[in-house]
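To start, the structure under review is shown below, and the notes come after it.
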Protein chains: 2
Amino acid sequence: MATTDDSVPAAYEDLLDRYGRATYLGDANGILSWDQEVMMPEGGTPARSKQRGAVSAVAHDILVDDEVADLLDELDGADLSDERRAVVREIRREHERKVRVPTDLVEEISTATAEAHPVWADAREADEFDAFAPTLERLLDLKRRYAEHVDPDADHYATLFADYEPYLDLSTAERVLEELREGLVPLIEAIADSDTEPYAISGTFPESDQLELTHEALSTLGYDFERGRLDTAPHPFSMGTQFDARVTTRFDQSEPLDSLASTIHEFGHANYTLGLPQDAYGSPLGEHRGLTVHESQSRLFENHVGRSEAFWRLFVDRFNAQYDTDLTARQAYEAANRVYDDNCIRVEADELTYHLHIVLRFEIERELVVGDLAVEDVPTVWNDRMDAYLGVRPDGDDEGCLQDIHWSHGSFGYFPTYSLGSVLAAQLYAAAAAEIDDLDSKIEAGEFDALQAWLRENVHEHGRRYRTDELIERATGEPLTAEYFLEYAEEKFGELYDLDR
Amino acid sequence: MATTDDSVPAAYEDLLDRYGRATYLGDANGILSWDQEVMMPEGGTPARSKQRGAVSAVAHDILVDDEVADLLDELDGADLSDERRAVVREIRREHERKVRVPTDLVEEISTATAEAHPVWADAREADEFDAFAPTLERLLDLKRRYAEHVDPDADHYATLFADYEPYLDLSTAERVLEELREGLVPLIEAIADSDTEPYAISGTFPESDQLELTHEALSTLGYDFERGRLDTAPHPFSMGTQFDARVTTRFDQSEPLDSLASTIHEFGHANYTLGLPQDAYGSPLGEHRGLTVHESQSRLFENHVGRSEAFWRLFVDRFNAQYDTDLTARQAYEAANRVYDDNCIRVEADELTYHLHIVLRFEIERELVVGDLAVEDVPTVWNDRMDAYLGVRPDGDDEGCLQDIHWSHGSFGYFPTYSLGSVLAAQLYAAAAAEIDDLDSKIEAGEFDALQAWLRENVHEHGRRYRTDELIERATGEPLTAEYFLEYAEEKFGELYDLDR
């Protein structure tokens, strides 16, 4: 039970208790989902769907309750500290977004997305976009109706985007993605024209070795196995709370750097989660600030740490010991940073071309939601723009517009957060490097304390205390910009590919 | 959503929907608990407590809701099929027991048991009963108040017992335990006086081998790994639904038969769970019939199958192959059935002395609850009765009245179900053997289909359709009796120990 404090209105305590319960239920659902991906035998699916549905439904009921509305009204003019005002702001936002959408529509979306997943998987398997098109149409229609309920006056795509990133407006996303596109297209072209070929790794790298090495990488970065664990899953993810944040990975026997990069990426997510304040568990102050900030933490460790030359000076001996190889740190660094201009698959993309995959999806899903593009035209538009942005055409839709799971989840507006997160990672890393004495040498020495302290103090420990835009300005002194990412990319890849720029 | 049927009142559908949601939440909590025991890193405990507390609370709220009371009233005189009447009976029972207990008391019990566990663990570690005594007193007081709310006119111990076994009254438990005590004390004495010494296994049996062999035992018995899994846990248990019922085990390097017996025991539980009808998931017809019947299923496989000579004729080659030993089936059978008259620990007891451990606990906890025994006198009474029933005195309370976790959970009235389950196992096995042609030969041949079909038809597929007493009479033709167990024990152990009886 919350302690009573003269200065805290009873309504605030009551609101926080209710929100806490909903949060605990949401985290319980996280465990049910982790178990389903990692541990559950296949036969468990029908029961698990019902269990997850029930937990979601009761959590939803708690947040949309009329008494929550009354408590929020009561607190409207109350004299609260800034911190408590932030708590009320966050709970109000969640309550209002949920309460505006009729329960029937929530259930219809839930059913439709559950049904969509196998249809999408089969369509991708068969490389038949037509088999998925009616489902995509239905999901778009449902999500448009959803957005209409949340805010009839807003751009529906902006409303959907705000489900994933509540406090960066769509114009910011547009601006940043445009900056990325303009900066990256010529850089990628220059790389394609370069005669320099970074070192490549070849051979077979057994899964058991990869598991040991990813475990070792997590230990090297300071992952606390008393508050987490590493397992394998078909699609790597991270899940948990500030008490227990878990990481999953997967292995490709010919690509030993992929499981490392992916594990370090998930470490960044888990590390953020573990850095949220434990004493605020159950309050918005103990929750992550949204997908842009979350992704910034995974990309910062994946790219700015794990793909740095300093990291490979630290880690190459461990790599060589595991695989009985003889790489230099420079060779490993080069291999970890090769740019692939013939790749159609987002999740296999390098650090640069990745963003053009995102720009493409952002443009297409936005046009779909607002009605400027017909579902049937998606494959053609997709392939034409792949050609324009990346100079490559998918052989089939399975390698084109059917490759990602997101739309089958009804997730429109999610993709931009990947690029925004990368951009923010570069901006945060630059700010940290400006404040920490010789950060590169510290990484090479395996000393991550200063970086961790900076991230805790500037990002993790605030939970949802600040809006995303506030958090970014407080941490870096300026609004979100692609400038730092482009500067970093031009310097790093300019050197790797001997570009005269 | 439930389908509408002209013949089914809307109130029934509504009631079943609500009950279903509570059931799914309960099963979600089962997964949270399994994860905590098997997978969760230690640091996760504070968050997990809050998650489990929230899920329990919302499930409780659903069942005690006034609208559930209204629906039950509405269905009181309704024209329902026998099956639906059984569903209403079960939901009414749960609702009424829950609604009678004030929420404050429920929360107080929940807090007290959470606090009691470490106190008990420390007291056991230090062998200091006095350190646990005030906690035990508090738990007894709370559970007496609980029982008073549930039924002020009933024997409080009977009320607590009914939480675990709702449909066998306490006089049945008393009668059966008395039959057991009277039959077993002379049998155990005769065994102690016997000069015959069954074969004993000695050596070191690595955990990895034991894991493989327990896995093999589960496969041999027909465990469906598409609907379950085997893991290790500090205290073996089984958990799940008819879609996913999991088993855990643990290993002692010097006792390779212990992990086998324990795994086969948990298999029996999981096998029952997996035999519950899938189409009734979320309804009482899809739930187990209480702890007596559950325990009958685990004991039937542990003792009547896994400790039979027929099973060892089937399994001894696999055992020898795993450990590079040279046992005969007879030797393994003898080793699996040794009686230990110098053992103070319930969970290490053999099939016979086990029940005297239960009789002792039953007597003591009953006297404690009704106030005939003071908490401070428990150690003396415990040790005196151990001496009287088993001819052995514990060296300390850690091997005496502090050995079991149950009381620290506030579980008074649970212990008898262990013996009632064993007795029912023998009664069911005798009934199955009377109907199945040469069951022993089938077991020796690894053919479990006929036994499984009998159990499904007579026990599993009914869920809570019948009361426990009805189920027993329908399956075996008579009420619960210790007669079959005693007959089985006298025959089996008479032969093993060359007793002239």
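The values are calculated or read from the model by the stated rules, or taken from the named source; none is laboratory data. If you're wondering where the values come from, they're calculated on a predicted model, not measured in any experiment. Here the Cβ positions follow ideal geometry from the backbone for every residue, glycine too, while neighbour counts run over all protein chains shown. These accessible areas exclude ligands, DNA and RNA; they are computed on the full protein's heavy atoms, side chains included. Shrake-Rupley method; radii C 1.70, N 1.55, O 1.52, S 1.80 Å.
Tabulated data for the structure shown
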read-out: Matching residues, segment B:53-105, being assigned to a helix (DSSP H, G or I), more than 24 Å from B:Leu142 (Cα to Cα) and not charged (D, E, K, R); value: B:Val68, B:Ala69, B:Leu71, B:Leu72, B:Ala86, B:Val87, B:Val88, B:Ile91
read-out: Residues of segment B:424-447 satisfying the condition of being small (Gly, Ala, Ser) and in contact (Cβ under 8 Å) with a residue 40 or more places away in the chain; value: B:Ala425, B:Ala426, B:Ala430, B:Ala431, B:Ser441, B:Ala445, B:Gly446
read-out: Test: A:Pro152 is free of Cβ contacts under 8 Å to residues at least 60 places away in the same chain and over 26 Å from A:Leu352 (Cα atoms); value: yes
read-out: Every pair of residues 6+ apart whose Cβ atoms lie under 7 Å, when the first sits in segment B:270-286 and is over 20 Å from B:Leu16 (Cβ atoms) and away from every other protein chain (no Cβ under 13 Å) while the second is in a helix (DSSP H, G or I) and open to solvent by 20 Å² or more (accessible area, probe 1.4 Å); value: B:Tyr272/B:His294; B:Gly275/B:Arg456; B:Gly275/B:Glu461
read-out: Hits in segment B:332-359 (condition: farther than 19 Å from B:Pro256 by Cβ and either among the aliphatic types (A, V, I, L, M) or assigned to a loop (DSSP other than H, G, I, E, B) (or both)); value: B:Asp341, B:Asp342, B:Cys344, B:Leu352, B:Leu356, B:Ile358, B:Val359
read-out: Those residues of segment A:115-136 which are assigned to a helix (DSSP H, G or I) and either open to solvent by 70 Å² or more (accessible area, probe 1.4 Å) or of a type in the set (S, T, N, Q) (or both), in sequence order; value: A:Glu115, A:His117, A:Asp122, A:Arg124, A:Glu125, A:Asp130, A:Pro134, A:Thr135
read-out: Residues that are within 13 Å of chain B (Cβ to nearest Cβ) and within 14 Å of A:Gly275 (Cα to Cα), drawn from segment A:202-224; value: A:Tyr223, A:Asp224
read-out: Selected residue [more than 30 Å from B:Glu367 (Cα to Cα) and open to solvent by 60 Å² or more (accessible area, probe 1.4 Å)] from B:Glu487, B:Glu483, B:Glu399; value: B:Glu487
read-out: Extreme residue, farthest from the other protein chains (Cβ to nearest Cβ), among residues of segment B:36-49 that are assigned to a helix (DSSP H, G or I) and surrounded by fewer than 21 Cβ atoms within 10 Å (Cβ to Cβ); value: B:Glu37
read-out: Subset of segment B:240-260 [surrounded by 23 or more Cβ atoms within 10 Å (Cβ to Cβ), in contact with a strand residue (DSSP E or B) (Cβ under 8 Å, 6 or more places away or on another chain) and within 14 Å of chain A (Cβ to nearest Cβ)]; value: B:Gly240, B:Ala245, B:Arg246, B:Val247
read-out: Residues (within 7 Å of another protein chain (Cβ to nearest Cβ) and touching a Gly at 6+ places or on another chain (Cβ under 9 Å)) located in segment B:52-72; value: B:Ala54, B:Val55
read-out: Extreme residue, surrounded by the most Cβ atoms within 10 Å (Cβ to Cβ), among residues of segment A:448-469 that are part of a loop (DSSP other than H, G, I, E, B) and either touching a Pro at 6+ places or on another chain (Cβ under 9 Å) or without any contact (Cβ under 8 Å) to a residue 24 or more places away in the chain (or both); value: A:Arg464
read-out: Subset of segment B:287-315 (residues that are of a type outside the set (Lys, Arg), open to solvent by 10 Å² or more (accessible area, probe 1.4 Å) and over 25 Å from B:Phe161 (Cβ atoms)); value: B:His304, B:Ser308, B:Glu309, B:Leu314
read-out: Any hit, segment A:154-163, residues being open to solvent by 70 Å² or more (accessible area, probe 1.4 Å) and either in the same structural domain as A:Glu478 (by TED's automatic domain parsing) or in contact with a Cys (Cβ under 8 Å, 6 or more places away or on another chain) (or both); value: no
read-out: Meets criteria (part of a helix (DSSP H, G or I) and within 23 Å of the chain's Cα centre (by Cα)) for A:Ala426; value: yes
